[in-house]
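Scroll down for the structure; my scribbles are underneath it.
The values are calculated or read from the model by the stated rules, or taken from the named source; none is laboratory data. Remember, predicted model here, so these are calculated numbers, not experimental data. Here the Cβ positions follow ideal geometry from the backbone for every residue, glycine too, while neighbour counts run over all protein chains shown. Ligands, DNA and RNA are excluded from the accessible area calculation, which covers all protein heavy atoms including side chains. Shrake-Rupley method; radii C 1.70, N 1.55, O 1.52, S 1.80 Å.
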Amino acid sequence: MKDIVPSPPPLVRNAVAAVQALFQKYVVPSYGRFELAFSHGSGSYLYDVAGKRYLDLGGGIAVTTLGHAHPAVTEALVEQSRRLVHVSNLYYHEPQGRLAEAIVAEIAPGKVFFSNSGAEANEGLFKLARKFGHDEGRFEILTAFNSFHGRTLAGIAATGQEKVKKGFEPLTPGFRHVPYNDLDAVRNAISPATAAVLIECVQGEGGVTPASPEYLLGLRRLCDEKKLLLFLDGVQDGHFRTGRFQAYQRILEGADPKGLFQPDGISMAKSLGGGFPIGAFWVRAPYADLLGPGMHASTFGGTPLGCAVALKIFDVIRQENLAGNARQTGEFLRAGLQELARRFPSVVRDVRGLGMMLGMELAPGIPALPGDPAKPQAVRFVNALHAEGLLTIPAGANVIRLRAALNLRQSEAEEGLKMIETVAAKVAK
Ligand SMILES: Cc1ncc(COP(=O)(O)O)c(C=O)c1O
């Protein structure tokens with residue numbers, strides 16, 4: 001593979017300041033960025049432009065399924081790009097059909113629409129709900145407080161967090177929020193205009209909170225009773241991250257022996273392409289033809305190249321049992337973090353999540369946490385971890401997220417825990 005991946009161009013070998021200067025001058029400043037600039041990666045390690053190595057337990061926020069520069073992904077990209085990168089969705093091609101087949105095989109009979117991102121996958125679900133309820137004048141979608149569903153106009157209206165909406169009013173109508181994990185709240189919020197309910201099975205951006213099995217089963221019953229579609233946003237918690245293809249399958253293990261729970265739609269993106277941008281939604285068979293020819297489309301949705309990469313990722317996950325690894329290594333990480341919570345209660349308050357979808361909640365007012373006190377604790381803690389050589393991701397003011405690659409080794413998990421321990425011991429004083 002060496003000759004296929006040439007060494008990075010000279011610019012990326014320059015100091016971080018040079019790269020930052022380009023951003024300051026030419027890139028819209030819509031992201032709060034850390035003072036890091038990366039040039040390349042390998043497996044679960046990333047290297048910055050000065051050559052410092054970081055263990056990547058952030059995984060590009062649940063994207064780099066197989067880590068960085070995985071030879072199978074490189075090979076799929078090279079092989080498919082030699083054959084066919086793009087054809088319009090005016091035509092058929094095999095990789096899209098095969099990828100849809102692979103997704104359906106993991107869930108239940110249905111069909112798949114391909115997009116480029118998670119927000120677009122959710123937009124597809126919103127349109128499905130509107131089409132489903134249209135003739136009865138139903139259009140409203142109930143979502144949860146603290147949810148996150150993307151940054152498009154409908155995405156921010158769907159998201160149950162004020163901070164993403166502020167300044168972009170008037171918001172797209174048709175979304176209301178209810179408390180998460182509270183079935184009565186959903187029941188009480190249903191109006192004659194309601195068409196669907198959308199939740200994350202593990203709230204990601206909102207602080208890593210899993211749904212309870214009772215909530216999921218209750219939502220299914222309620223949606224059946226009220227003739228509503230039940231949608232899951234699997235953009236962050238999906239694709240084997242929890243140890244099963246979708247997080248509901250993991251949460252309901254042992255709680256739904258007859259397999260009564262089936263969602264009506266699931267959005268996905270992130271880990272699906274392992275870093276190649278591709279999104280999708282799956283829709284259950286009875287509703288699979290609701291969006292007919294001409295009703296929904298995307299120029300780049302499901303290109304031969306994107307689908308070939310996603311198919312290769314499926315193959316590697318199966319061959320190497322990476323779902324099992326996500327479960328086991330995730331459990332190892334979780335146990336390690338719980339131990340830190342026990343030893344450093346003034347630093348770690350709680351540990352939540354499933355598989356490689358973990359959250360470590362910081363205790364309020366950590367005594368010796370360095371950094372600007374005006375900045376959230378989570379950001380300051382993540383910065384302290386950077387100094388040790390570890391990448392993690394803040395969620396809200398106090399949660400540190402771990403979204404490692406599904407092939408993270410136990411030795412790498414140990415190394416990450418050690419670095420978190422070092423920081424915890426320093427700031428606990
Ligand atoms: C649960 C969830 N839904 C949707 C999105 C939006 O995905 P994208 O950034 O690919 O548009 C995200 C992104 O973080 C997410 O976590």
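Taking every C-alpha pair closer than 8 Å and separated by at least 6 residues, the mean separation divided by the residue count of the chain gives a relative contact order of 21 percent. Could you work out the helix-only [θ] at 222 nm for the chain, with each DSSP H run of four or more residues adding -39,500 (n - 2.57) and the total divided by the number of residues, to the nearest 500 deg cm²/dmol? That calculation yields -11500 deg cm²/dmol at 222 nm.
Can you give the accessible area per residue of segment 1-148, in Å², using a 1.4 Å probe?
I get 58 Å² per residue for segment 1-148.
How big is D for segment 114-226, in µm² s⁻¹ as a whole number, if Stokes-Einstein is applied with the Kirkwood radius of its Cα pairs at 4 °C and 1.567 mPa s? Rounded to a whole number, D works out at 90 µm²/s.
Remark: segment 18-171 carries a charge dipole of roughly 340 debye about the Cα centre, counting +1 on each Lys and Arg Cβ and -1 on each Asp and Glu Cβ. For segment 57-109, a crude dipole built from +1 on the beta carbon of Lys and Arg and -1 on the beta carbon of Asp and Glu, taken about the Cα centre, is about 140 debye to the nearest 20.
With both residues required to sit in the chain, DSSP beta bridges show an antiparallel share near 65%.
Note on segment 82-150: Cα Rg divided by 2.2 N^0.38 Å, N the number of residues, gives 1.42. Farthest towards the positive end of the charge dipole of the chain, among the residues Y180, G306, L385, is the Cα of L385, using unit charges on the Cβ of Lys, Arg, Asp and Glu. Computed log10 I(q)/I(0) for the chain at 0.07, 0.12 Å⁻¹: -0.34, -1.04, from the Debye equation with unit scatterers placed on every C-alpha and solvent omitted. A cut-off of 5 Å between modelled amide H atoms, ignoring neighbours fewer than 5 places along the same chain, links R349 with E361, L362, A363. Accessible surface calculations at 1.4 Å, restricted to protein heavy atoms, place segment 270-349 at 43 Å² per residue. Over every Cα atom in segment 329-429, the radius of gyration and the widest Cα-Cα span, Dmax, amount to 12.3, 37 Å. Taken over segment 283-353, the percentage of Cα pairs per 10 Å bin, counting from 0 up to the bin with the maximum distance, is 15, 21, 23, 21, 16, 4.
When the Kirkwood radius is taken over all Cα pairs of segment 244-296, what Stokes-Einstein diffusion coefficient follows at 10 °C and 1.306 mPa s, in µm²/s? Don't skip to the end; give the middle numbers.
On the way: Rh = 13.3 Å.
Stokes-Einstein gives a translational diffusion coefficient of 120 µm²/s.
Considering only protein heavy atoms and a 1.4 Å probe, what is the carbon-and-sulfur percentage of the accessible area of the chain? Carbon and sulfur together cover 56 percent of it.
Each eigenvalue of the Cα gyration tensor of segment 51-168, multiplied by 5 and square-rooted, gives one semi-axis; in descending order these are 31, 24, 13 Å.
For segment 227-336, the pair-distance distribution built from all alpha carbon pairs, in bins 10 Å wide starting at 0, is 13, 36, 36, 13, 2, 0 percent. Cross-link check: pairs K127/K226; K111/K270; K127/K165; K131/K312; K52/K418; K166/K375 evaluated at a Cα-Cα cut-off of 22 Å; pairs beyond the cut-off: K131/K312. Given +1 at the Cβ of Lys and Arg, -1 at the Cβ of Asp and Glu and no other charges, the dipole of the chain around its Cα centre is 560 debye to the nearest 20. Membrane-span-like helices in the chain, defined purely by DSSP H runs whose alpha carbon atoms cover 27 Å or more axially and whose average Kyte-Doolittle hydropathy reaches -1.0, are 322-343. Projecting the Cα atoms of A374, A76, S411 onto the charge dipole of the chain (Cβ charges, centred on the Cα centre) puts A374 farthest toward the positive pole.
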